[in-house]
Amino acid sequence: PTLSWHDSEPESNSLQETSQLDPLSSNTTLEVQLELHHVDALSSEDTPELLFDLRLQRDALRSGTIYSLVSKAVARNPPRAAGRRSGFSSSIISGLAQGSGEYFTRLGVGTPARNLYMVLDTGSDVVWVQCAPCKSCYSQSDPIFDPTKSASFSGIPCGSPLCRSLDSSGCNQRRMCLYQVSYGDGSVTFGDFSTETLTFRRTSVGRVALGCGHDNEGLFVGAAGLLGLGRGKLSFPSQTGSRFNRKFSYCLVDRSASSKPSSLVFGDAAIPRGALFTPLLSNPKLDTFYYVELLGISVGGTRVPKISPSLFKMDQDGNGGVIIDSGTSVTRLTQPAYTATRDAFRLGARNLKRAPDFSLFDTCFDLSGQTSVKVPTLVLHFRGADLSLPATNYLIPVDSSGTFCFAFAGTMNGLSIIGNIQQQGFRVAYDLAGSRVGFSPRGCA
C-alpha cells in the first residue's frame, strides 16, 4: 500500500482550537491517539521481495547495534561519572541504523505547528528533528523545520539539568547546549538542544526537550526526525510522563494487510481492558530498553524441554535478558533457545514441504498452491503473561511464489529481542507507572 496522509488539522492551530499543556506545570492528564505507517509505504515503487530483503538488512543492522550498545554499557565499569563531558563522543548507538525505524507517525512541531513525519523508536531516547539552517541534511518528505519561525522554540543553557542528562553534550559560544547522537552505521545528528511544543492532532505539549539538528548524516528514509520512546530520562514518555500518566501503547498491524492502520496511544486509554501484564525489569547499566522476563516457550501445546528460564536471565552486571523492541522485526533468541524452538517447530511441521533457506531464516516451507495449512501453535511464556501467537506472527511469506519461513532467528549474544513481527495484531501497552508491559489480542479494534 502507498502512504497517503490527509492532515486533519491545519498547519496553524489557534489557541481556541488547541489544548496547550506544559509538561512541567500542568496537572491535566491527556489521551492522544495517532496513526502509524510502516516505512515500506514510502517505497511503493519497489517490489515486495526487494522491500522484504531491505527490511531484513535493516533488521540485521539494528540488532547488531543494540547488542553493541548493551555490551559497551556492561563493559563501562565504573559507571560514567556525571558532569565529565569533554566534548562529544559516539557513546550512543541506536537501532535506527540505516533507517531501520520501521514505523512512522505524524505530529506537529513548533508554534504554529508544522506537521512532520517522525520515526517511532522504543530503542532510543532523544527526540530530534532536522533544522534549518542545514550544514548537512539528508532528504526528507517534509520541508526542513525552521526554528526561527516558531514562537515556542527556546534554547537550553549549558548548565541546566536537561543538558546534563545528555550522554553526549557540549556548549556553543553563547553557552547554550549542544547535542550529538551517533548511530551504529556512522549516521549522526548534531545541533542545538532546545525545548519546543509538539502537537498531537488538537493537543499540544509544551517545553519538550528535543534536538534541533543542523548536521544530520545518514539514511533515515524520508523522516524529519525521531520520537524516542525508550525508558531513559530524555525520552518522550519520560519527559511527559505526568501528562499521560506515564502510559502509552501501540498496535502494529501487518503492513501488507488492508486493515485498520497501526496506531500509537498516550494516556489512560493506552491500557486496554483484559491485557495480560508482565513486570518490567531494569538493567543497572542501561536505562533505554524495556526488559521483561521470559520463562519458556511452548510449541504445539508442549513446553520445549530444553528451554529453561536461565537461558533468558539477566545477570547482575546487565548481561543477557530479553527486551521488547518496536524497530526490530525478527525476534532473536539466544542460540540454545532458538535451536530448541526451531527443532520443535520442524518436528511439528514435518508434513510440510521444505524450501531452501532464505536470508537469516533456516526453516522455510514451500506452500505454493495451498489455500490453508496446519502448523504447530507457539506460545511465549512471560512471567504473568502467556502470549499465544497467531500463525501469521511466526510463519511469514518471504516472496510471491509461496515460500514461507519461520520468523525467528538465533543469536550468539546472550540478549534476546522480541521483534515487531511477533507483536503484530496485539496492543502492546507500556505502563511505566506500574513498571509493567501488557499484551491484548483485542486491543487493536
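Only the coordinates and a few stated rules stand behind these numbers; no lab work does. All figures in this text were calculated on a predicted structure; none of them were measured in a lab. Quick reminder, even Gly has a Cβ in these numbers, built from the backbone with ideal geometry, and neighbours come from all protein chains shown.
Structure data summary
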item: By average C-beta atoms within 10 angstrom, highest first, the peptides 223-234, 272-283; result: 223-234, 272-283
item: Estimated distance in nm for a label pair at residue 335 and residue 171, the labels positioned 7 Å out from Cα along Cα-to-Cβ; result: 4.9 nm
item: Charge-dipole axis of the range 276-405 as Lys and Arg at +1 and Asp and Glu at -1 on Cβ define it, positive-most pick from 390, 283, 320; result: 390
item: Rough spin-label spacing in nm, given labels placed 7 Å along Cα→Cβ, for residue 368 and residue 35; result: 3.6 nm
item: HN-Hα J in Hz across the range 316-328 - Karplus 6.51, -1.76, 1.60, θ = phi - 60°, x for Gly and Pro; result: 5, 8, x, 7, x, x, 9, 10, 9, 9, 7, x, 7
item: For residue 426, distant residues with modelled amide H under 5 Å away; result: 252
item: Sorted peptide list for 240-250, 396-406, criterion being average Cβ within 10 angstrom, highest first; result: 240-250, 396-406
item: Cross-link pairs 313/374; 233/285; 72/306; 285/313 - those with Cα-Cα distance over 25 Å; result: 313/374; 72/306
item: Burial order of peptide ranges 298-311, 410-423 (average beta-carbon count within 10 Å, highest first); result: 410-423, 298-311
item: Other-chain or far-sequence residues with amide H under 5 Å of residue 378's (modelled H); result: 300, 389
